[in-house]
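The values are calculated or read from the model by the stated rules, or taken from the named source; none is laboratory data. All figures in this text were calculated on a predicted structure; none of them were measured in a lab. Using ideal geometry, Cβ is built from the backbone for each residue, glycine included, and neighbour counts are taken over all protein chains shown.
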Amino acid sequence: MRFAILILLAAAGLLPVPAVAADEPLAVIVPRHFSGREPNVQELALIFKRKKLAWDDGMRIQAVNLPSDHPARRLFSQRILKSAPEAQTQYWNAMYFQGVFPPHVVASPEAMLRYIAETSGAIGYVPGCKLDARVKAILWIDASGAISESSPPLECPQD
């Protein structure tokens with residue numbers, strides 16, 4: 001019975017949808033104990049296009065995305081990769097035939113935090129207000145697209 005109610009609520013659009021506040025920055029994250037050289041913006045684009053596959057120490061990079069319809073993915077893609085997620089389909093179709101697959105996709109910011117925290121060499125992103133001690137932020141992207149290494153002031157809603 002509960003399942004049927006959830007289906008009806010979802011169909012009616014009454015369930016909460018993950019969102020990124022218009023002014024909430026994104027944190028680019030790595031495992032908490034990451035000690036390598038942090039990538040610059042150009043390297044970050046190469047990592048998420050799977051053109052840079054290893055960290056400087058030789059460890060394999062595990063790039064991770066949120067679903068293509070998630071607002072944080074859209075902001076990240078537009079600011080770092082310079083295109084919307086749906087515009088990247090042709091690129092990944094071509095890369096597939098070269099044996100290169102797109103970054104792994106996780107279902108939510110919480111799943112992103114868990115994956116990054118537990119996976120050596122991983123890199124991803126979350127809305128700044130979702131950041132916690134399991135991971136380390138190495139870059140910040142604000143809503144205007146400005147990229148910084150220092151944490152901006154965050155105005156997070158209280159749960």
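Of all residues in segment 147-159, which are loosely packed, with under 15 Cβ neighbours inside 10 Å and not in a loop (DSSP other than H, G, I, E, B)?
Answer for segment 147-159, where residues must be loosely packed, with under 15 Cβ neighbours inside 10 Å and not in a loop (DSSP other than H, G, I, E, B): just SER148.
It is to be established whether one or more residues within segment 1-9 are modelled with pLDDT under 95, among the basic types (Lys, Arg) and over 20 Å from VAL126 (Cα atoms).
yes
Search segment 112-127 for residues being touching a strand residue (DSSP E or B) at 6+ places or on another chain (Cβ under 9 Å) and farther than 21 Å from GLU43 by Cβ, and hand back the single one that is surrounded by the fewest Cβ atoms within 10 Å (Cβ to Cβ). Spell out how you get there, then give the answer.
The first filter runs over segment 112-127 and keeps only residues touching a strand residue (DSSP E or B) at 6+ places or on another chain (Cβ under 9 Å), leaving 112-113, 115-127.
Okay, now just the ones that are also farther than 21 Å from GLU43 by Cβ, so 113, 117-118, 127.
Working: LEU113: 20, ALA117: 18, GLU118: 10, PRO127: 23.
Top of the filtered list is GLU118.
Could you pull out the residue among GLN88, GLN98 that is exposed (fewer than 14 other Cβ atoms within 10 Å of the Cβ) and either free of Cβ contacts under 8 Å to residues at least 40 places away in the same chain or farther than 22 Å from VAL41 by Cβ (or both)?
GLN98
Would you check if there is a residue in segment 24-39 being outside any strand (DSSP E or B), within 13 Å of PRO102 (Cα to Cα) and at pLDDT below 95?
no
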